[in-house]
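Notes to accompany the following structure.
Rule-based calculations on the coordinates, nothing more; no lab input. In this text, all values refer to a predicted model and were calculated from it rather than measured experimentally. We place every Cβ from the backbone using ideal geometry, glycine too, and count neighbours over all the protein chains shown.
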Amino acid sequence: MIPTFSDHGTAAGARPFRRGLWSTIALLGAVAFIAGLLTLTEGPKLRSMSLDEQSSIRTAGEITLRSDRALATSPLASIRITPEVSFSVTQKDLVLRLILDEPLLAGTNYEVEVNGVEPASLGASGNWSASFRTPFEELLYLRAAGAETELVRVVLDGSQPEVIYRAPGITSFAAVGAVFGVHRIWAGESILELVEPNSGAVDRMALGPEIIVTSLARASRGTSLIIEVDRKAEGRQEKGILALVDTLGSREPEVVLGPGGNSLGVRKVAVSSESGNIVAWLRDSTLVVFEALTQTVIPLGSAAELWGFDSSGTSVIFVDSLGTIALNLSTGVETRIPAGQLDGSSVFHQLTTLSPQGLSYQRVLLPGFVGEPDFSLVTEGDAEGRHRHLLGSLSTPESIGDLQLSPNGQYLAVEINPVATPLGYPALSDDVIRNTTELVILDLANDTILLSTPGFSFAW
C-alpha cells in the first residue's frame, strides 16, 4: 500500500510532524498577535529624519520625518523645533514634512519634538524626538601677502583661515560650482583663471584679444561666471559691458544684450543667491534685471544707486528719487526703508541690506567736525527707522567699506579702514584698501566680534 497523509495505519512520524507544524503555526500566530498588541500600544515610531544641513543655513529648507507606518490625516498634537524657528507642516502616508520659513542658525544644535503622532489605522499615538547640528558658516576674502594677494577661506568655528590661492594682482573672485573664478591684473594684462581648491590646479582661460576682463562679480550661480569686459566690436570699443562665461561649456564670453540688441554698459552688478537673476545698474542710470531662466532683460526703472540684494537674495535694494527701496523680484512688492535717526540725530544712508527678520543694516554718515570728515558708522535699523550703533568709531573718523549679512542674517561682515576721507571708503586708493583694511565679523545674536582680521573684498 502506498502511504498517504490520511492513512492512519502507516507513516509513523506523521503525527509528531503534524504536532510540530501546528505548534509552529501557533507560535507564529502568538508572536504576530503580540506584535500587533505592541503596535497598538506603542504607536508610530520615527524611522528616519533627513535634512540638507549644508544648505539649511543659507536657504529655507525642510525637515523630513519618516514613520514606520502610515499616519492619520488628523492634526498633530504638538510639534516643536528648538531653538525656535517658524515652519509649516505637510503630511502624507509615512512622511511628515516641516517646511521652514527661514534659514537655520549655523553651528547650532537643534531638537525636533513631535507629540501625538496618530496612525492611519487603529492604535495608540506616538511621540518622536530627533536632533541634528548645522554646519558652521564660512567666509571668503582677499588678503595682502607682500607683493601677492591671497584668496582665503575661514570657517567660523574658531579654526585658522585657509589660503586657497595666492598670486600677484588678484582683484576679484567668485565661487562657481566646485571651483573659484579669479580675476587678476598683472604686468599690464587682464587674466581670468579657474582655481580648483582641493588640488590647487589653476586653469587660465584664453578669451581672445578682442575681450579684456575688467572685473568679476562676487556672486555667481550654476556654471557661469558673471564678468564685466571691454571689447572691440565692429570697429568700435565698448567699455564695461556685461557678459557671461560658461566654465563647463565653450568658455566664450557671451555678451548680455538688452532691448534693441544692444550690449549693457554697467556701473554695478548684483546677483541673487535665490534665483540667480542678475540686476545691473547701467551707465544711463537704468536698473535692469536679467532673468537667468528666460534669458531676458527687463527694465526696472531709474535708480540713483544700486546697493545689492538682501541676505536671502529675494529683494534688490536700490535708491530712487524718494530714498532707499527694497523690491521683491518674485512678488513685485516694494518696501521703503525709512530715513532714520541714531540717538536723536538724523542719519544719511550710504549702503543698506536687509535680514530675513526684516531688520536693516546700514552704513550711515553722521556730520563730523568743521573741516573734518563725517563719521562713518554701521547701524541696525527697525521698520520705524530707529537705529542702533553697531560698529565704527564715534570719536575718530574712519572709513566703512562693504557690509554683507550672512544668508541667514546671523553674522554681519564689514570692511573697516582707519583712513578717513570726505568721500569715505570709495575714495581710498587700492593700496590703502589692500594693506590697511580690517575685516570684522559681528555675531548679531549678542553683538560680539567673532573675527577681526586683515582682509578686504569678501563674500559669504
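Remarks
- Dipole of the chain [Lys/Arg +1, Asp/Glu -1 at C-beta], most positive-end residue of Ile241, Ser50, Ser67: Ser67
- For Lys268, the aspartates and glutamates whose Cα comes closer than 17 Å to its Cα, not counting residues fewer than 8 places off in the same chain, are Glu228, Asp230, Glu238, Asp284, Glu291, Glu305, Asp310, Asp320, Asp402.
- Based on the Stokes-Einstein relation at 4 °C and a viscosity of 1.567 mPa s, and on the Kirkwood radius from alpha carbon pairs, the stretch 46-133 is assigned a translational diffusion coefficient of 97 µm²/s.
- Dipole in debye (nearest 20) - the chain, about Cα centre, beta carbon charges: Lys, Arg +1; Asp, Glu -1: 1600
- For Gly313, the residues whose amide H sits under 5 Å from its own are Ser273, ignoring neighbours fewer than 5 places away on the same chain, with H placed 1.01 Å from N.
- Pairwise centroid distance, computed over Cα atoms, of the stretch 100-132 with the stretch 384-416, Å: 37
- Cα long-axis angle, helix 14-42 against the chain (0 to 90 degrees, to the nearest 10): 40
- Dipole of the chain, positive end: most advanced residue of Gln160, His387, Leu342 [Cβ charges, Cα centre]: Gln160
- Reachable aspartates and glutamates, given that their alpha-carbon falls under 12 Å from the alpha-carbon of Lys232 and they are not under 8 places away in the same chain: Glu210
- When the stretch 338-460 is described by a simple charge dipole with +1 on each Lys and Arg Cβ and -1 on each Asp and Glu Cβ, the residue from Gly401, Leu351, Pro418 located farthest towards its positive end is Leu351.
- Cross-link partners of Lys92 among lysines (Cα-Cα below 30 Å; sequence separation of 8 or more within a chain): Lys45
- Answer label for Rg and Dmax of the Cα atoms in Å (calculated), chosen among [x] 30.6, 127; [y] 21.5, 71; [z] 22.8, 76: [x]
- Dipole magnitude of the stretch 68-210, debye to nearest 20 (Cβ charges: Lys/Arg +1, Asp/Glu -1, about Cα centre): 140
- Sequence-distant residues sharing a close amide H with Tyr165 (under 5 Å, placed H): Leu151
- Binning all Cα-Cα separations of the stretch 83-218 at 5 Å, short to long from zero, yields these whole-percent fractions: 2, 7, 13, 15, 11, 8, 8, 8, 8, 7, 5, 4, 2, 1, 1, 0.
- Backbone geometry of the stretch 366-381 corresponds, through the Karplus equation with coefficients 6.51, -1.76 and 1.60 at θ = phi - 60°, to 3J(HN,Hα) couplings of 10, x, x, 6, 4, x, 10, x, 5, 7, 9, 10, 10, 10, 10, x Hz, x marking Gly and Pro.
- Total formal charge among the other residues, if their Cβ is under 13 angstrom from that of Ala145, Lys/Arg +1 and Asp/Glu -1: +1
- Look at where the Cα atoms of the stretch 301-335 and of the stretch 56-76 average out, and the two centres are 34 Å apart.
- Sorted by Cβ neighbour density within 10 Å, fewest at the top, the residues Phe136, Phe369, Phe458: Phe369, Phe136, Phe458
- Mean Cβ count within 10 Å, highest first, over the residues of peptides 381-392, 195-206: 381-392, 195-206
- Computed about the Cα centre, the dipole magnitude for the stretch 267-338 is approximately 160 debye when only Lys and Arg (+1) and Asp and Glu (-1) carry charge, each at its Cβ.
- Paramagnetic reach from Arg283 (point 7 Å along Cα→Cβ, amide N under 14 Å) across the stretch 301-340: none
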